[in-house]
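Participant: Structure below; questions to follow.
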Amino acid sequence: MSYKRATYISLVVCSAIAVMFYIKSLELPSTSTGATFGPSAFPQLLSALIVIFSIISFVLTKREEDEKLTFENMKYVIFTIILTVGFTLLWQLFGTIYGMFYLLLFLFLTTLLFIYNQAKNSSQKVFIAIGVSVVLTSSVYIVFERLLKIVFN
């Protein structure tokens with residue numbers, strides 16, 4: 001696959017996700033206090049910036065020299081895509097019903113960190129993966145549930 005083709009595909013995917021994100025943000029409530037910005041302003045701004053920067057990147061990529069793109073570890077790329085889709089489906093099916101977002105996030109992070117860790121000692125890989133996953137999952141919980149009062153069902 002060529003570098004330009006891969007870049008164009010990723011830019012189209014990012015732009016499509018940004019457009020869907022923008023459309024979903026239209027469902028957010030408008031401001032009730034008379035303030036200039038409501039809850040929908042930040043997601044809409046981010047969506048617009050993603051599309052704008054994708055267009056800029058599209059133009060800049062068109063000017064660049066094309067080269068052959070090789071994937072050294074294609075099995076890791078495919079594994080990561082399948083794992084991400086699998087955990088997303090699990091969260092959509094069961095996480096919203098039973099509130100298992102943080103458990104699924106912890107398992108997802110632990111699996112990815114274990115697979116991509118280059119350490120030779122497997123027990124060291126397990127401890128690092130679990131430790132970093134606990135810290136990241138706890139950080140997400142503290143920031144979103146405690147500080148911002150956003151509950152992930």
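Participant: Which of the peptides 116-125, 16-25 is most tightly packed, and how do the rest follow, going by the mean number of other Cβ atoms within 10 Å of each residue?
Facilitator: The densest-packed peptide leads the list: 16-25, 116-125.
Participant: Okay, next question. Say a paramagnetic label sat at a point 7 Å from the Cα of residue 2, along Cα to Cβ; which residues of the range 59-89 have their backbone N under 15 Å from it?
Facilitator: Output list for this probe position: 59-70.
Participant: Could you state the principal axis extents of the C-alpha atoms in the chain, from the largest down, to the nearest angstrom?
Facilitator: Extents along the principal axes, in whole Å: 58, 47, 25.
Participant: Right, something else. When N is the residue count of the range 3-63, what does its C-alpha Rg come to as a fraction of 2.2 N^0.38 Å?
Facilitator: 1.39
Participant: Provide the per residue accessible area, probe 1.4 Å, for the chain, rounded to a whole number of square angstrom.
Facilitator: I get 73 Å² per residue for this part.
Participant: Averaging sequence separations of C-alpha pairs under 8 Å and six or more residues apart, then dividing by the length of the range 74-147, give the relative contact order as a whole percent.
Facilitator: 26 percent
Participant: Which whole-number percent is the relative contact order of the chain (Cα, under 8 Å, 6+ apart)?
Facilitator: Over the chain, the number comes to 20 percent.
Participant: Convert each backbone phi in the range 75-82 into a coupling constant with the Karplus relation 6.51 cos²θ - 1.76 cosθ + 1.60 (shift: θ = phi - 60°), then list the ³J(HN,Hα) values in order as whole Hz, x for Gly and Pro.
Facilitator: With coefficients 6.51, -1.76 and 1.60, one gets 5, 5, 5, 5, 4, 5, 5, 5 Hz.
Participant: In the Gaussian network model of the chain, springs joining C-alpha atoms below 10 Å, which of 112, 46, 83 carries the largest mean-square fluctuation?
Facilitator: 46
Participant: Can you give me the % of accessible surface on the range 25-153 that is carbon or sulfur? Probe 1.4 Å, all protein chains present, nothing else counted.
Facilitator: That share works out to 71 percent.
Participant: Whole-Hz Karplus ³J(HN,Hα) for the range 43-56, in order, using 6.51 cos²θ - 1.76 cosθ + 1.60 and θ = phi - 60°, x for Gly and Pro?
Facilitator: x, 5, 5, 4, 4, 5, 5, 4, 5, 4, 5, 5, 5, 4
Participant: Please give the contour-minus-distance gain from residue 62 to residue 127: 0.36 nm per residue of separation, less the Cα-Cα distance, rounded to one decimal in nm.
Facilitator: Here the segment from residue 62 to residue 127 would lengthen by 18.9 nm.
Participant: Compute, for the chain, the length of the dipole vector about the Cα centre, with Cβ point charges of +1 (Lys, Arg) and -1 (Asp, Glu) only. Units Debye, rounded to 20.
Facilitator: Rounded to the nearest 20 debye, it is 160 debye.
Participant: Across the chain, how many lysine pairs separated by 8 or more positions, or lying on different chains, have Cα atoms within less than 20 Å?
Facilitator: Step by step, the pairs that qualify in the chain add up to 5.
Participant: Let me ask you something else. At 1.4 Å probe size, with no ligands or nucleic acids counted, give the accessible surface of residue 7 in Å², nearest ten.
Facilitator: 20 Å²
The values are calculated or read from the model by the stated rules, or taken from the named source; none is laboratory data. Predicted, not measured: the structure shown is a model, and the values here were computed from it. Note that we place each Cβ from the backbone using ideal geometry, even for glycine, and neighbour counts take in every protein chain shown. Surface accessibility is based on the protein's heavy atoms, side chains included, excluding ligands, DNA and RNA. Shrake-Rupley method; radii C 1.70, N 1.55, O 1.52, S 1.80 Å.
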